[in-house]
């Protein structure tokens, strides 16, 4: 029997496969050690290999493509409904094999090594920024215990903390003063690391035609543009702009029944990092103080007359996501459309 489809349950060392033929009859189920994976697939005729989009999935997908197979990645939440009875590696592999054959299944684009490298920079920078914020909050909390309240802004901490630690008029124990200087050094180191990674991301952005093209959209900067290009590539894995916006979680959740449509808040599914960048960029556009002259600007003003600012920001982020998909999928350039002057 010729194997046509394989469900592959990924792991660190022991992998489970579930193979079927063209009639969906089970041909093979077995475990494979990590070192035997490529050898096993090298001896197989080209087939479809389904995997969950988890750690290591992009690496194995690229390796299987080199061997002539057709790897397909799926979000784990779309595979879970096909798991029968108890959860085991064999049951997971069978569920993956079943899910990958569904006509309506949505697949995750496979990232190349360069895309993964850029996304790694984003994730590492995000971790440094989070740690920097946590360190700043810790310093504020410790100072508050001694009745010292710092002004808002991380820059104020770096500016004022050396003076506070060295001011003899402020009643602070010696050990606490030395601790403040240690924490300040850690804060500045985290800030330096975050800025260095950001510089590397911006350098990649300048060398990328697609990324620089997206940065011309209001509310989209080098960070947002590079993250999107590294994540979705040319965007053609999505049928339209609305599907891309839905993948980012920028469309309303629905709780509809009996012909009655009930729309709730945004779903917040998909990539939360890109969604956060788009919403923050939209907020900068919405709250800008300069005169508005484009069609989008007029649309924002009309929407602000009826809706809360937060809703307008999310709506603009949704609109921006659709524009981004159109530019990538159809290889277009962004053009500012001026609004007609009022009579």
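The numbers here are math on the coordinates, done by the rules we state, and not lab data. Quick caveat: nothing in here was measured; it's all calculated off a predicted structure. No Cβ is skipped: glycine too gets one built from the backbone with ideal geometry, and neighbour counts run over all protein chains shown.
Note the per residue figure in Å³ for the convex hull of the C-alpha positions in the stretch 5-99.
In the stretch 5-99, the Cα hull volume divided by residue count equals 89 Å³.
For 72, 87, which order do you get if you count the other beta carbons within 10 Å of each Cβ and list the fewest first?
87, 72
Where the centre of each part is set by its Cα atoms, how far does the stretch 199-277 sit from the stretch 50-113, in angstrom?
Their Cα centres are 23 Å away from one another.
Need one word for the stretch 210-329: rounded, prolate or oblate. Basis is the Cα gyration tensor (sqrt eigenvalues a ≥ b ≥ c); a/c below 1.5 gives rounded, then a/b vs b/c decides.
Since a/c reaches 1.5 but b/c is at least a/b, the shape of the stretch 210-329 is classed as oblate.
With each pseudo-label sitting 7 Å past Cα toward Cβ, what's the residue 42-residue 335 distance in nm, one decimal?
5.3
What is the stretch 96-251's relative contact order, in percent, from Cα pairs under 8 angstrom and six or more apart in sequence?
Dividing the mean separation by the residue count of the stretch 96-251 yields 32 percent.
In 10 Å bins starting at zero, report the fraction of Cα pairs in the stretch 113-207 per bin as a rounded %.
15, 41, 23, 15, 7, 1
With a ≥ b ≥ c taken as the square roots of the eigenvalues of the C-alpha gyration tensor of the stretch 166-227, please select rounded if a/c is under 1.5 and otherwise prolate if a/b is larger than b/c or oblate if it is not?
It is prolate, given that a/c is not under 1.5 and a/b is the larger ratio.
Rank the residues 280, 69 as a footprinting-exposure proxy: fewest other Cβ atoms within 10 Å of their Cβ go first.
By the 10 Å Cβ count, ascending, the order reads 280, 69.
For a quick protection proxy, order the peptides 11-20, 241-250, 109-118, 312-321 by their average other-Cβ count within 10 Å, most packed first.
Averaged packing, sorted descending, gives the order 312-321, 241-250, 11-20, 109-118.
For the Cα atoms of the chain, what angle does the longest principal axis make with the long axis of helix 57-66, in degrees from 0 to 90, nearest 10?
For 57-66 against the chain, the angle is about 50 degrees.
So I have [x] 44, 31, 20; [y] 33, 26, 21; [z] 81, 16, 13, and one of them is semi-axes √(5λ) of the Cα gyration tensor in Å calculated from this model. Which one is it?
[x]
To the nearest 500 deg cm²/dmol, what mean residue ellipticity at 222 nm is calculated for the chain from DSSP H runs of n ≥ 4 alone, each contributing -39,500 (n - 2.57), summed and divided by the residues?
-17000 deg cm²/dmol
Output the 0 to 90 degree angle, nearest 10, between the alpha-carbon long axis of helix 309-329 and the longest principal axis computed from the alpha carbons of the chain.
Long axis of 309-329 versus the principal axis of the chain: about 50 degrees.
Working from Cα positions, state the angle (0 to 90°, nearest 10) between the long axis of helix 174-207 and the longest principal axis of the chain.
The two axes meet at around 50 degrees.
Place a point 7 Å from the Cα of residue 264 along the Cα-to-Cβ direction; which residues of the stretch 63-92 have their backbone N under 19 Å from it?
77-78
Tell me, what are the semi-axes, in whole angstrom and largest first, of the equivalent ellipsoid of the stretch 92-138 as set by the roots of 5 times the Cα gyration tensor eigenvalues?
37, 16, 9
Order these by the 10 Å Cβ neighbour count, fewest first: 82, 174.
174, 82
Where does the Debye-calculated log10 I(q)/I(0) of the stretch 205-281 sit at q = 0.24 Å⁻¹, using only Cα point scatterers of equal weight, no solvent?
Result of the Debye calculation: -1.15.
Starting from 0.36 nm per residue, how many nanometres of slack lie between residue 112 and residue 65 once their C-alpha separation is accounted for?
15.8 nm
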